[in-house]
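Structure first, then comments.
The values are calculated or read from the model by the stated rules, or taken from the named source; none is laboratory data. Being a predicted model, the structure only gives us computed values, none of them experimental. Please note: Cβ atoms are built from the backbone with ideal geometry, for glycine as well, and neighbour counts cover all protein chains shown. Side chains are part of the model used for accessible areas, which takes the heavy atoms of the whole protein and leaves out ligands, DNA and RNA. Shrake-Rupley method; radii C 1.70, N 1.55, O 1.52, S 1.80 Å.
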Amino acid sequence: MDLMLYPKLGTRSKRALLRTNRRGFKKPGTHSYSPKGTLLLRLARETGMTIHQVHSQLQKERAYLLSQDALP
């Protein structure tokens, strides 16, 4: 899969995208990723995509990265 948006994210956004546990919870898989509106707007402007397309692409890239053993 071609990662379009992941390289454009900052360090904190990349960490949030790959986080799987909520803070204080030991049960894996309790964290769902929801990007902030400012990030969606910035990425939409940079790529020419709509906000909905950016959100969908981020979710696809997150699923792909979490399914891989070696994360970039």
Inside segment 43-52, the number of residues satisfying the requirement of being part of a helix (DSSP H, G or I) and either surrounded by 15 or more Cβ atoms within 10 Å (Cβ to Cβ) or among the acidic types (D, E) (or both) is 3
Reported set for segment 53-65 where residues are open to solvent by 40 Å² or more (accessible area, probe 1.4 Å) and basic (K, R) is K60
Counting only residues in segment 29-42 that are out of contact with any Lys or Arg (no Cβ under 8 Å at 6 or more places or on another chain) and not in a helix (DSSP H, G or I), the one most open to solvent (accessible area, probe 1.4 Å) is identified as K36
Do you know which residues across segment 12-36 are in contact with a helix residue (DSSP H, G or I) (Cβ under 8 Å, 6 or more places away or on another chain) and modelled with pLDDT of 90 or more? S13, K14, P35
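G48: modelled with pLDDT of 90 or more and over 13 Å from the mean Cα position of the chain (by Cα), yes or no? Break it down stepwise before answering.
Values: modelled with pLDDT of 90 or more: yes; over 13 Å from the mean Cα position of the chain (by Cα): yes.
Yes, satisfied.
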